[in-house]
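Student: Questions regarding the structure given below will be posed in turn.
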Amino acid sequence: MKLTICELSYLNELITSCVNTITCMSLFKNQVTDEELKSMLNTHFPVHVEDYNKKVEFVKNADTANGKLNVPELNTSIFSQELTETKPAKPITVNTNVTQLTDREIALSYFLTLKRAGKEYSIASMEATNPTLRQFLKDAYTMSCNHSYEVYEWMAKNHYYPLIVSTGEQAGDIASIYNPIPMDN
């Protein structure tokens, strides 16, 4: 099945995004000092390379492309527990003369890249008419979600990104706005 011009355009943008992600991850892997974050980057890296290669395969020959992306299971620890404690972020000073990235800068850059990629995958999958490409894009979205969740968890655990638990009063204020719709309507 041939690609539509819309699918081709999305793939071009997503491939370019992968070039950026893989290039940055290569730098990150060489500069990261935290062993847990380093392990995460090393585990995620081959999945991003596979993702890139699959997209290139679609562009080169959509008729025979194998769009099955290996989506690793989500690996979590602190978020699997009930959230009862707010973990505020440590203050950050923007470094305007960077020669070496900190682990926080690495994690934040990677996290924001994954969030943006996830948005792009979700939008592209909604407009994909090629069923193999559509499934691939949905898998790539799941991969981005799982990877970003792991990075977010690491940042929250290390107080690099705020994790603020709502109070009962805040939840009650929001809950009081909405009422369920009876199922007989």
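The values are calculated or read from the model by the stated rules, or taken from the named source; none is laboratory data. Everything numeric in this text was worked out from a predicted model, so none of it was measured. Here the Cβ positions follow ideal geometry from the backbone for every residue, glycine too, while neighbour counts run over all protein chains shown.
Student: Starting from residues that are touching an Asp or Glu at 6+ places or on another chain (Cβ under 9 Å) and surrounded by 14 or more Cβ atoms within 10 Å (Cβ to Cβ), keep the ones in region 55-67 and report whichever is farthest from Met1 (Cα to Cα).
Tutor: Gly67
Student: What are the residues in region 10-42 that are out of contact with any helix residue (DSSP H, G or I) (no Cβ under 9 Å at 6 or more places or on another chain) and under 25 Å from Lys119 (Cβ atoms), if any?
Tutor: Passing the criteria: Thr16, Thr23.
Student: Another question, if that's okay. Out of the residues in region 159-181 meeting the condition of being aliphatic (A, V, I, L, M) and in a helix (DSSP H, G or I), tell me which one is modelled with the lowest pLDDT. Give the steps one after another, and end with the answer.
Tutor: First pass over region 159-181, keeping only residues aliphatic (A, V, I, L, M): 163-165, 171, 174-175, 177, 181.
Now drop any that are not in a helix (DSSP H, G or I), which leaves 171, 174-175.
Numbers: Ala171: 91, Ile174: 94, Ala175: 94.
Residue satisfying both the conditions and the ranking: Ala171.
Student: I'm told Ala128 meets every condition in (1) assigned to a loop (DSSP other than H, G, I, E, B); (2) touching a His at 6+ places or on another chain (Cβ under 6 Å) except one. Can you identify the failing condition by its number?
Tutor: Condition not satisfied by Ala128: (2).
Student: Oh, and also: Just name the residue that is nearest to Ile22 (Cα to Cα) out of those in region 92-110 that are at pLDDT 95 or above and not hydrophobic (A, V, I, L, M, F, W, C).
Tutor: So, considering only residues that are at pLDDT 95 or above and not hydrophobic (A, V, I, L, M, F, W, C), the one nearest to Ile22 (Cα to Cα) is Tyr110.
Student: Which residue pairs have Cβ atoms closer than 9 Å, lie 6 or more positions apart in sequence or on different chains, and pair a first residue in region 116-139 that is free of Cβ contacts under 8 Å to residues at least 24 places away in the same chain with a second residue that is in a helix (DSSP H, G or I) and basic (Lys, Arg)?
Tutor: What qualifies is Ser122/Lys138; Ser125/Arg134; Ser125/Lys138; Met126/Arg134.
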